[in-house]
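**Student:** The structure is given below, and queries will be raised subsequently.
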Amino acid sequence: MNKAIAMVETSTVTTGFLAADLIIKTAAVKIIFAKTVCPGKYLILFSGDISAVKASHDAACKAYGSKVADSFVLGNPHESIFDAMLGVPGTEGLKALGIIETYSASSAVKAADIAAKTAIVSLVELRLAVGMCGKSYLLFTGDVAAVEAATEHVKKEIQESAMLLDCAVIASPSKELAESIF
């Protein structure tokens, strides 16, 4: 795995293509994915060494700042983020369930990294903007105290950016809910 990942989320598809091209041309980074999402936004997730990732991220944000909806740079991202984005369950069953809903894909990935690094929790799903009018959500599980601690820490960190929409903890999710997730 590379040492860093970043995401630039643009408010238009055209700007997304321009930003992706600039990101690649600025430094030695690898595009993990670049795609359109609802409602006509564009997500670019890329990786590489921290200095290259930061240079590409900063160049795109500077060039297209007015059309950058959200972005981040994460050094040493938690490895479970990638499985959660792909919909690979982080656990075979649910204990307590944490739910974080955000206004952007970038803030949801940041929330996943914060939650996974705050407490002993397993990321279950990280849904990025598709079919949700640009909103995103994160599901994670673990012991009640761990899920509550992770939720509170995410809430404090993401609220500052005004991208947190809602969050909740279900201490003991029903069997039917658990089956519907997996």
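The values are calculated or read from the model by the stated rules, or taken from the named source; none is laboratory data. This structure is a prediction, so every number in the text was calculated from the model and none was measured. FYI the Cβ positions are ideal-geometry reconstructions off the backbone, even for glycines, and counts take in every protein chain you see. What goes into the accessible areas is simple: the full protein's heavy atoms, side chains included, and nothing from ligands, DNA or RNA. Shrake-Rupley method; radii C 1.70, N 1.55, O 1.52, S 1.80 Å.
**Student:** So how strong a dipole does the chain carry about its Cα centre when Lys and Arg Cβ are +1 and Asp and Glu Cβ are -1, to the nearest 20 debye?
**Tutor:** On the way: 16 positive and 19 negative charges, 125 e Å.
Its charge dipole is roughly 600 debye.
**Student:** If we count every other residue with Cβ under 11 angstrom of LEU128's Cβ, Lys/Arg +1 and Asp/Glu -1, where does the sum land? Show your work: numbers first, answer last.
**Tutor:** Details: positive: LYS35, LYS41, ARG127, LYS135; negative: GLU9, GLU125.
The answer is +2.
**Student:** Same structure, new question: Among MET7, GLN159, ALA145, pick out the residue whose Cα is farthest towards the positive end of the charge dipole of the chain, where Lys and Arg carry +1 and Asp and Glu carry -1 on C-beta, about the Cα centre.
**Tutor:** MET7
**Student:** Something else about it: Can you give me the orientation-averaged projected area of the convex hull built on the Cα atoms of the range 5-85, in nm²? Spell out each step's value before the answer.
**Tutor:** Details: hull surface 19.1 nm².
Orientation-averaged projected area of the Cα hull: 4.8 nm².
**Student:** OK, next. For the chain, what % of the accessible area comes from carbon and sulfur atoms, probe 1.4 Å?
**Tutor:** Numbers: 4640 of 8560 Å².
The nonpolar share, carbon plus sulfur, comes to 54 percent.
**Student:** Hey, what's the Cα Rg ratio for the range 27-182 versus the globular rule of thumb, 2.2 N^0.38 Å? It would help to have the intermediate numbers written out before the result.
**Tutor:** Working: Rg = 15.6 Å, N = 156, 2.2 N^0.38 = 15.0 Å.
After normalising by residue count via 2.2 N^0.38 Å, the value is 1.04.
**Student:** Roughly what would the spin-label model give for ALA63 and ILE181, points 7 Å off Cα along C-beta, in nm?
**Tutor:** Going from the ALA63 label point to the ILE181 one covers 4.0 nm.
**Student:** Additional query: With every protein chain left in place, what is the accessible area per residue of the range 64-182 in square angstrom, probe 1.4 Å?
**Tutor:** Details: 5650 Å² over 119 residues.
On a per-residue basis, 47 Å².
**Student:** Once the other residues with Cβ under 15 Å from the Cβ of THR102 are scored (Lys, Arg +1; Asp, Glu -1), what is the net sum?
**Tutor:** Working: positive: LYS41, LYS110, ARG127, LYS135, LYS155, LYS156; negative: GLU9, ASP70, GLU101, ASP113, GLU125, GLU157, GLU160, ASP166.
That sum, taken over residues with Cβ under 15 Å, equals -2.
**Student:** With an 8 Å cut-off on Cα pairs and a minimum separation of 6 or more residues, tell me the relative contact order of the chain in percent.
**Tutor:** 22
**Student:** Based on the Cβ-Cβ distance of PHE33 and ALA162, what FRET efficiency does E = 1/(1 + (r/R0)^6) give at R0 = 30 Å, to the nearest 0.05? Before the final figure, lay out each step's value.
**Tutor:** On the way: r = 26 Å, r/R0 = 0.85.
That gives a FRET efficiency of 0.75.
**Student:** In a GNM of the chain with a 10 Å cut-off on Cα contacts, which of VAL37, VAL53, VAL144 has the highest mean-square fluctuation?
**Tutor:** The residue that fluctuates most here is VAL144.
**Student:** Okay, next question. Which residue, LEU126, LEU22, LEU139, tops the fluctuation ranking in a GNM of the chain built on C-alpha contacts under 10 Å?
**Tutor:** Among LEU126, LEU22, LEU139, the largest GNM mean-square fluctuation belongs to LEU22.
**Student:** Give me the net charge of ALA84's neighbourhood, meaning all other residues with Cβ under 11 Å from the Cβ of ALA84; Lys, Arg count +1, Asp, Glu -1. Provide the component values of the computation, followed by the final result.
**Tutor:** Values: positive: ARG127; negative: GLU79, ASP83, ASP113, GLU125.
Residues near ALA84 contribute -3 overall.
**Student:** In addition: Test of understanding: in a Gaussian network model of the chain with alpha carbons linked when under 10 Å, which of ILE81, ILE50, ILE32 would top the mean-square fluctuation ranking?
**Tutor:** ILE32
**Student:** Can you give me the distance in nm between label points at ALA145 and LYS3, each placed 7 Å from the Cα along the Cα-to-Cβ direction?
**Tutor:** Inter-label distance under the simple model: 3.6 nm.
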